[in-house]
Amino acid sequence: MSAGASPADAAPSGGEPWWADLGERLAPPASTGDGPVGPGPGAARPGRPADAAKAAEHAEPAAEDRPERAVVGGLPHLPDAAWIAAMLLLDDMGPVRLANLLRSFGAQGAWRRVLDGSLGVRPELAGRLNGRSWDAMLATWQRQARLVDVAGFWARHEEAAVGVTVHGGPSFPRALVDDPEPPAVLFHAGDPGCIAGPRAAVVGTRRCSERGRRFAEELGFALSRAGVGVVSGLARGIDGAAHRGALRAAERGGAPPIGVVASGLDVVYPHEHAELWARVAQTGVLLSEVPLGVRPNRWRFPARNRVIAGLADVLVVVESPAKGGSMYTVEEAMRRNVPVLAVPGAVGLRAGEGTNALIFDGAGVARDAADVLLELGLAEEAPAAREADSRPVPSPEGSRLLDAVAWQPVTLAGLVGRLDWSVGDVAEALTELRDAGWIAQAGAWFERIAR
């Protein structure tokens with residue numbers, strides 16, 4: 001079982017994030033992976049690392065290079081997603097620790113306390129410290145935070161057209177809202193609306209047999225053709241094969257693929273999957289809970305696997321040894337009451353030990369796509385019905401504004417700047433889109449609503 005948050009940490013039902021009412025009232029005044037990686041879809045500045053150890057890459061620019069932004073209480077006026085993205089650059093800022101910080105202080109409030117060193121002794125935030133003291137971690141965070149230009153880092157995501165949504169936001173996947181350990185923020189390339197409809201996660205070992213690879217690819221193809229979104233981690237072996245099959249079907253009208261990765265969307269891992277990442281982002285959606293530039297540290301893969309499990313209506317394990325990442329995904333699926341199916345493996349084959357053990361322990365059997373569709377309650381003969389979008393089609397002006405909003409929170413002034421329209425024209429188009437259910441407003445920020 002994961003060492004993550006307990007079910008008590010789960011977000012409540014509803015549209016608001018669980019830290020929405022904390023923020024400023026708790027914040028004090030401001031005192032002043034492994035292996036080669038490369039650029040991927042949505043990269044704004046290819047090859048520019050941004051993990052916490054190199055936070056100086058986001059250092060404050062010279063005054064003449066800074067964009068004009070409103071300043072509130074000593075900090076620029078930015079959406080919660082911007083502060084959360086910045087916190088994810090800090091050493092060992094995992095999902096549980098981040099969630100606890102946000103729960104206690106809100107997004108900007110947590111950043112303020114990191115900057116001024118006022119977090120204090122908080123055992124509930126410390127968690128596993130990997131050999132360092134809490135005071136040492138706080139000092140490291142403060143030093144790193146002072147090097148980060150939060151507004152500039154947020155602008156980098158805007159320039160790269162990377163969608164960003166916080167937990168409970170309008171475009172946050174509904175499947176993860178009530179998850180026992182939801183991501184605080186999701187970064188995406190592609191259309192998050194692809195997540196609507198039935199979904200099957202297909203996972204397995206990187207060191208798969210040729211039989212397993214072919215089975216995964218054909219399973220991905222058959223499921224997508226039947227209208228089922230294939231969720232996987234884009235890793236070598238089974239994951240990549242399942243998505244290649246799903247892409248073949250999606251390009252012929254099948255369900256779009258859903259990829260979940262453990263690094264920033266501009267840091268492809270494994271590097272040989274750069275084209276696969278790009279195709280998934282173009283045809284479906286590519287998701288990550290870390291911002292641009294973050295490398296795939298080893299501990300991020302189990303965190304990624306819980307998101308895969310959270311998105312799945314059923315989990316299919318094609319090949320797996322007795323221990324490994326796929327088994328962690330199985331644990332996370334069971335934690336969420338997601339049905340688990342396993343493909344029988346040859347006796348004596350290491351890659352089949354895990355799946356055979358799952359079947360022995362009571363998991364369902366996946367002999368082909370028909371078994372998976374049966375578990376989903378779908379008929380094999382006909383494509384599965386995907387959730388229809390009942391919203392009225394926007395006018396040409398509304399469509400243009402919707403494109404300008406993209407998938408990041410944006411202000412009225414920001415939209416005026418992007419479109420070069422008058423304030424009245426932007427406001428009128430926003431009202432049209434809001435009334436039709438395409439746009440949501442939270443304070444000064446506007447955001448697209450995923451279908």
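The values are calculated or read from the model by the stated rules, or taken from the named source; none is laboratory data. Keep in mind it's a predicted model, so treat the numbers as computed, not measured. Note that each Cβ is placed from the backbone with ideal geometry, even for glycine, and that neighbours are counted across all protein chains shown. Calculation scope for accessible area: heavy atoms of the full protein, side chains included, ligands and nucleic acids excluded. Shrake-Rupley method; radii C 1.70, N 1.55, O 1.52, S 1.80 Å.
How many residues does region 206-226 hold that are over 20 Å from N356 (Cα atoms) and within 22 Å of the chain's Cα centre (by Cα)?
Summing the residues that are over 20 Å from N356 (Cα atoms) and within 22 Å of the chain's Cα centre (by Cα) in region 206-226 gives 2.
Suppose the filter is open to solvent by 20 Å² or more (accessible area, probe 1.4 Å), closer than 30 Å to R335 by Cβ and out of contact with any Phe, Trp or Tyr (no Cβ under 9 Å at 6 or more places or on another chain); does R146 pass it? Quick ask: steps written out before the conclusion?
Values: open to solvent by 20 Å² or more (accessible area, probe 1.4 Å): yes; closer than 30 Å to R335 by Cβ: no; out of contact with any Phe, Trp or Tyr (no Cβ under 9 Å at 6 or more places or on another chain): yes.
The answer is no for R146.
Conditions tested, residue by residue: (1) modelled with pLDDT under 95; (2) part of a helix (DSSP H, G or I); (3) of a type in the set (A, V, I, L, M, F, W, C).
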position	(1), (2), (3)
G169	yes, no, no
R213	yes, yes, no
G220	no, yes, no
V230	no, no, yes
R236	yes, no, no
G259	no, no, no
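E375 fails exactly one of the following numbered conditions: (1) at pLDDT 90 or above; (2) assigned to a helix (DSSP H, G or I); (3) over 17 Å from A242 (Cβ atoms); (4) touching a strand residue (DSSP E or B) at 6+ places or on another chain (Cβ under 8 Å). What is the number of that condition?
(3)
All but one of (1) at pLDDT below 85; (2) part of a loop (DSSP other than H, G, I, E, B); (3) open to solvent by 60 Å² or more (accessible area, probe 1.4 Å); (4) on the phi < 0 side of the Ramachandran plot hold for R367; state the number of the condition that does not hold.
Tallying (1) at pLDDT below 85; (2) part of a loop (DSSP other than H, G, I, E, B); (3) open to solvent by 60 Å² or more (accessible area, probe 1.4 Å); (4) on the phi < 0 side of the Ramachandran plot, R367 fails exactly one: (1).
Taking region 253-279 on its own, how many of its residues are closer than 25 Å to F153 by Cα and either touching a Phe, Trp or Tyr at 6+ places or on another chain (Cβ under 7 Å) or open to solvent by less than 30 Å² (accessible area, probe 1.4 Å) (or both)? Explain how you work it out, then say what you get.
First, pick out the residues of region 253-279 that are closer than 25 Å to F153 by Cα: 259-271, 274, 277-278.
Now narrow it down to the ones that are either touching a Phe, Trp or Tyr at 6+ places or on another chain (Cβ under 7 Å) or open to solvent by less than 30 Å² (accessible area, probe 1.4 Å) (or both): 259-268, 270, 277.
Counting residues in region 253-279 that are closer than 25 Å to F153 by Cα and either touching a Phe, Trp or Tyr at 6+ places or on another chain (Cβ under 7 Å) or open to solvent by less than 30 Å² (accessible area, probe 1.4 Å) (or both) gives 12.
Which of the residues belonging to region 378-426 are under 30 Å from A342 (Cα atoms) and at pLDDT 85 or above? Reasoning before the result, please.
The first filter runs over region 378-426 and keeps only residues under 30 Å from A342 (Cα atoms), leaving 378-387.
Result: L378, single match.
When region 386-419 is examined, which residues are found to be among the basic types (K, R), part of a loop (DSSP other than H, G, I, E, B) and surrounded by 13 or more Cβ atoms within 10 Å (Cβ to Cβ)?
Listed by number, the list holds a single entry, R386.
Testing E331 on (1) surrounded by 24 or more Cβ atoms within 10 Å (Cβ to Cβ); (2) of a type in the set (D, E, K, R); (3) part of a helix (DSSP H, G or I), one condition comes back false. Which one is that?
For E331, the exception is condition (1).
Can you pull out every residue in region 164-183 that is aliphatic (A, V, I, L, M), under 18 Å from L78 (Cα atoms) and open to solvent by 10 Å² or more (accessible area, probe 1.4 Å)? So that I can check it myself, show each step before the final result.
If we filter region 164-183 for residues that are aliphatic (A, V, I, L, M), which is where we start, we get 164, 166, 175-177.
Remaining after also requiring under 18 Å from L78 (Cα atoms): 164, 166.
Selection gives V166 alone.
Which condition number does A161 fail, the rest of (1) open to solvent by 10 Å² or more (accessible area, probe 1.4 Å); (2) closer than 24 Å to L376 by Cβ being met?
Answer for A161: the failing condition is (2).
Which pairs do you get when a residue that is more than 21 Å from G377 (Cα to Cα), found in region 196-212, comes within reach of a residue that is among the aromatic types (F, W, Y) and buried (at least 24 other Cβ atoms within 10 Å of the Cβ), reach meaning Cβ atoms under 6 angstrom, with the pair 6+ apart or on two chains?
none
Say whether the condition of being closer than 20 Å to R300 by Cβ, at pLDDT below 95 and β-branched (V, I, T) is met by at least one residue in region 189-205.
There is at least one residue in region 189-205 that is closer than 20 Å to R300 by Cβ, at pLDDT below 95 and β-branched (V, I, T).
Can you pull out the residues in region 420-451 that are over 17 Å from L78 (Cα atoms), surrounded by fewer than 17 Cβ atoms within 10 Å (Cβ to Cβ) and hydrophobic (A, V, I, L, M, F, W, C)?
V423, A427, A436 - these are the residues of region 420-451 that are over 17 Å from L78 (Cα atoms), surrounded by fewer than 17 Cβ atoms within 10 Å (Cβ to Cβ) and hydrophobic (A, V, I, L, M, F, W, C).
Each row is one residue, and each column tells you yes or no for (1) closer than 15 Å to G233 by Cβ; (2) among the small types (G, A, S).
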| residue | (1), (2) |
| --- | --- |
| V164 | no, no |
| G168 | no, yes |
| R174 | no, no |
| P180 | no, no |
| A196 | no, yes |
| R199 | yes, no |
| T205 | yes, no |
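Out of V340, V316, V307, I need the residue that is open to solvent by 10 Å² or more (accessible area, probe 1.4 Å) and touching a strand residue (DSSP E or B) at 6+ places or on another chain (Cβ under 6 Å). Which one? Full working, then the answer.
Working: V316 fails: open to solvent by 10 Å² or more (accessible area, probe 1.4 Å); V307 fails: open to solvent by 10 Å² or more (accessible area, probe 1.4 Å).
Within the list V340, V316, V307, the selection yields V340.
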